[in-house]
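Asks: Take this structure, written in structure tokens, and hold onto it; I'll ask about it next.
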Amino acid sequence: MRRSRLFLIIGLIAALMALAGLWQWRAHERDGSAALARGLAALDRGDARTARVELMNAIKGNPRSAVARAAQARALADLGDGAGAQAEVERARSLGQAPAATRAVMAQAHFLQGDFAGALAEAHATDLPEEQALDAAHVIARAALAEGDVRGSETALKRALVLKARDSDTWVEVGRLRMATGDQAGAIAAADQAVALDPKSVLALGLRAELTRTQYGLVAALPWFDRAMAVDPDSVPVLEQYAATLADAGQASRMLAMTRRILALDPGNARAWMMQAVMAARAGQDDLARRLLERTGGRLDGEPATQLLRGILHLQDGNPLLAAQTLAPLVDAQPWNRPARILLGRAYSDNGDQMSAAATLAPIVAQQDADPYVLTLAARVQESLGDRAMASDMLARAAWPVRPAASVFATSLPNGAPADPATARDNIPYIRALLTAGRDDEALERARLLNRANPGAPAAWLILGDVLQANGQGRESVRAYEAGANIRFDRDAALRLVSALQQTGNGPRAEQVARLFLRQHPMDHDMLRLAAGFTIAREDWRSAERLLQALRAQVGDNDALLMTDLARVSLEQRKQSAALAYARHGYALMPGNPVTADMLGWVLMRSDAKGPMAVDLLEKAVALAPSVPVLQMHLGQAYAAAGRKGEARLALNRAASVRDFGNRQEALEALKAL
């Protein structure tokens with residue numbers, strides 16, 4: 001046979017084989033089997049989004065494929081679509097697939113829809129195949145925890161670890177259980193174990209990011225979120241947490257981009273619309289915030305953040321009745337939620353229900369550190385009720401220039417002590433009630449018991465610190481607060497630690513803690529104010545102005561004490577016109593406050609203003625707060641400038657007689673100059 005004919009025959013055979021392969025491929029595409037194979041492969045490598053698309057094509061090619069329906073249920077469950085997953089399981093079963101083959105995915109579908117009883121029934125079914133036992137144990141753990149059955153959740157996870165001790169997903173579930181029970185240290189250890197077992201697990205990396213956010217701060221968590229996104233840039237749960245962290249860190253543009261990405265992947269995502277609504281409200285775009293909030297479809301209405309935002313928008317819209325109806329359930333569920341309680345009190349007052357307003361504000365008014373806004377609002381309520389004596393007392397407290405350290409809400413003492421001294425939920429309110437009742441020794445004993453039983457729970461360390469501080473053991477309280485802050489460096493821990501360090505005379509360390517927290521949480525109002533106070537004390541006027549302007553950008557121009565601080569730093573930088581504008585605005589906002597009166601008088605005097613107004617204002621400040629040495633010193637210096645040496649000597653002597661007065665040397669030098 002000639003060589004040319006041989007090549008021709010080989011070519012024909014190859015062409016026929018190619019045609020046969022093409023025909024077979026097209027046949028597989030038509031009947032969905034090829035798409036099914038690709039979908040199953042995508043599921044096996046954890047790519048649920050790709051699997052969903054491939055399995056849709058497989059079902060289109062063969063709508064009666066029970067295998068494709070069951071696989072699609074797995075993909076939808078992994079994507080968080082519980083209703084869709086349940087529908088596909090039901091179709092697979094109706095097409096002849098045994099219920100046992102879809103027990104775990106059906107349990108997950110029920111859980112995603114909030115049907116915890118249904119989830120537990122499927123996961124506990126006697127015909128559950130062994131290969132589904134691990135997934136079923138995960139669902140049991142989540143559902144039991146959702147129903148408040150911590151012991152049941154722990155049992156399920158112990159079973160999961162017996163089945164597969166080195167399973168990253170199981171350790172993620174262990175971490176979330178420990179988070180829910182307050183064992184932050186245990187949760188961190190579990191998350192670290194999950195990441196070590198599978199460094200490319202988006203679930204493990206996402207959990208570690210969340211825990212880093214509470215342990216160290218918002219900014220510290222961002223690299224962990226970046227690692228998770230590098231593994232799976234389309235993970236909607238991680239994107240949601242990432243966007244929320246960016247929002248709290250003040251990175252609004254990045255947060256907006258992240259929410260748009262979420263909506264591109266999941267157009268109906270309620271959390272993305274909610275985050276955009278919050279951003280619009282913060283920017284003062286209330287109408288836009290309402291429209292965005294409506295796009296959540298009411299799916300988040302039971303959550304505190306949504307209730308708070310709706311309450312704010314109702315108040316801004318001039319509808320205090322709706323605001324009160326929205327905020328009252330939130331305050332009932334979270335009685336310690338100070339912003340919600342203040343807003344509810346204002347809503348009741350604006351609606352004319354002054355009795356409810358007074359009762360709502362009472363727990364905050366009872367605090368030693370109640371802020372001037374709350375005290376002024378409560379005073380107006382008491383005036384409406386006809387109690388002018390109480391209103392005057394509240395206004396006097398609002399005008400006082402020195403605020404005590406932060407304290408916890410007063411709590412009424414229950415009839416008996418909690419039976420189990422190791423449970424934080426029952427014991428922390430009881431310990432606070434013991435403190436309120438003056439039973440400090442009992443409170444300390446109970447706090448130590450709780451702390452020993454929960455060494456990884458920051459809340460147990462914080463309540464121990466509170467009790468130690470109430471018992472006058474300042475240094476011991478610092479150690480307790482530091483232990484809690486090392487586990488979870490959140491706002492409560494940071495503020496308590498800063499206060500305790502200041503009270504024990506460690507100002508530099510207190511400032512260091514405040515600045516460390518502020519680097520991680522640049523939007524925190526209280527810490528901005530504290531950090532500015534430290535820089536003012538060091539006479540670092542430029543840094544103080546930067547911090548105060550950052551605070552002003554957050555809270556606006558209706559904070560009298562902020563205006564006073566801005567007046568001072570402007571004056572010290574020889575910006576007299578700005579100082580005078582700030583001081584006048586602060587005084588107009590709160591003319592009965594000795595600090596605002598003193599600052600306006602001091603700015604007028606330092607600006608060489610003519611006339612008696614400066615001295616009149618400084619005399620008013622001293623009359624309102626005669627025991628504050630800086631006010632006496634300013635008045636003495638004003639008397640000296642006016643040639644009233646006898647009165648100047650008297651006022652300056654009063655200031656210099658206070659041994660721990662920071663500007664005592666300045667008062668002494670002013671006395672020598674007379």
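Values in this text are rule-based calculations from the coordinates and carry no lab data. Just so you know, these numbers come straight off a predicted model, no measurement behind them. In this analysis, Cβ positions are derived from the backbone assuming ideal geometry, glycine residues included, and neighbour counts consider all displayed protein chains.
Asks: So if the hydrodynamic radius of the stretch 436-495 is defined as the Kirkwood radius over C-alpha pairs, what does Stokes-Einstein give as its diffusion coefficient at 4 °C and 1.567 mPa s, in µm² per second? Provide the component values of the computation, followed by the final result.
Replies: Details: Rh = 11.3 Å.
D, rounded to a whole number, is 115 µm²/s.
Asks: Could you pull out every one of the aspartates and glutamates with an alpha carbon less than 16 Å from that of LYS60, ignoring same-chain neighbours closer than 8 positions?
Replies: Output for LYS60: GLU29, ASP31, GLU88.
Asks: Tell me the angle of helix 270-282 to the major Cα principal axis of the chain, expressed in degrees between 0 and 90 and rounded to the nearest ten.
Replies: Its long axis makes an angle of about 20 degrees.
Asks: Would you mind classifying the stretch 77-163 by shape? Square roots of the alpha carbon gyration tensor eigenvalues, ordered a ≥ b ≥ c; an a/c under 1.5 is rounded, otherwise it is prolate if a/b is larger than b/c and oblate if not. Don't jump to the answer; show the numbers that get you there.
Replies: Details: a/c = 2.24, a/b = 1.42, b/c = 1.57.
The shape class here is oblate.
Asks: Could you calculate the FRET efficiency of SER543 with ARG282 from 1/(1 + (r/R0)^6), where r is the beta carbon distance between them and R0 is 30 Å, rounded to 0.05?
Replies: Numbers: r = 25 Å, r/R0 = 0.84.
In this case the efficiency is close to 0.75.
Asks: Here's a follow-up. May I ask for the net charge around LEU288, where only other residues with Cβ less than 12 Å from the Cβ of LEU288 are counted and Lys, Arg are +1 while Asp, Glu are -1?
Replies: Values: positive: ARG282, ARG290, ARG291, ARG295; negative: ASP286, ASP287, GLU294.
Once positives and negatives cancel, what remains is +1.
Asks: Here's another thing I want to ask about it. Let me check I've understood the local charge: for ALA194, count other residues with C-beta under 11 angstrom from its C-beta, Lys and Arg +1, Asp and Glu -1. What total comes out?
Replies: Numbers: positive: ARG166, ARG176, ARG208; negative: ASP167, ASP169, GLU173, ASP192, ASP198.
Overall, the nearby charge balance is -2.
Asks: Between ASP350 and GLU303, what length comes free when the chain is fully extended (0.36 nm per residue of separation minus the Cα-Cα distance, one decimal in nm)? It would help to have the intermediate numbers written out before the result.
Replies: Values: separation 47, 0.36 × 47 = 16.92 nm, distance 2.46 nm.
The ASP350-GLU303 span can extend by a further 14.5 nm.
Asks: Further question on the same structure: Roughly what angle does helix 168-180 make with the longest principal axis of the chain, taking Cα atoms, 0 to 90 degrees, to the nearest 10?
Replies: Roughly 30 degrees, rounded to the nearest 10.
Asks: Moving on. May I ask which of LYS620/LYS645; LYS158/LYS200; LYS164/LYS200 have a Cα-Cα span longer than 22 Å here?
Replies: Table pairs above 22 Å Cα-Cα are LYS158/LYS200.
Asks: With the Cα gyration tensor of the stretch 213-281 giving a ≥ b ≥ c as the square roots of its eigenvalues, does the rule (a/c under 1.5 for rounded; else a/b larger than b/c for prolate; else oblate) give rounded, prolate or oblate?
Replies: Verdict is oblate for the stretch 213-281.
Asks: Give the aspartates and glutamates reachable from LYS575 as a straight Cα distance under 16 Å; neighbours fewer than 8 places away on the same chain don't count.
Replies: Within the straight-line cut-off, LYS575 pairs with GLU539, ASP540, GLU545, ASP565, ASP608.
Asks: Using the Cα atoms of the chain, I'd like the radius of gyration and the largest Cα-Cα distance, Dmax, both in angstrom.
Replies: For the chain, the Cα-based Rg and Dmax read 32.4, 134 Å.
Asks: Which value in nm describes the separation of the simple spin-label points at ALA87 and ARG519, placed 7 Å from the Cα toward the beta carbon?
Replies: 5.1 nm
Asks: On to the next question. If I model a spin label as a point 7 Å beyond the Cα along the Cα-Cβ vector, how far apart are those points for ALA417 and LEU650 in nm?
Replies: Each label point lies 7 Å from its Cα, and together they span 5.7 nm.
Asks: Give me the one-decimal nm value for the distance between modelled label points at LEU668 and ARG439, 7 Å along each residue's Cα-to-Cβ direction.
Replies: 5.0 nm
Asks: Tilt of helix 304-316 relative to the longest C-alpha principal axis of the chain, in degrees (0 to 90, nearest 10)?
Replies: In the chain, helix 304-316 runs at an angle near 50 degrees to the longest axis.
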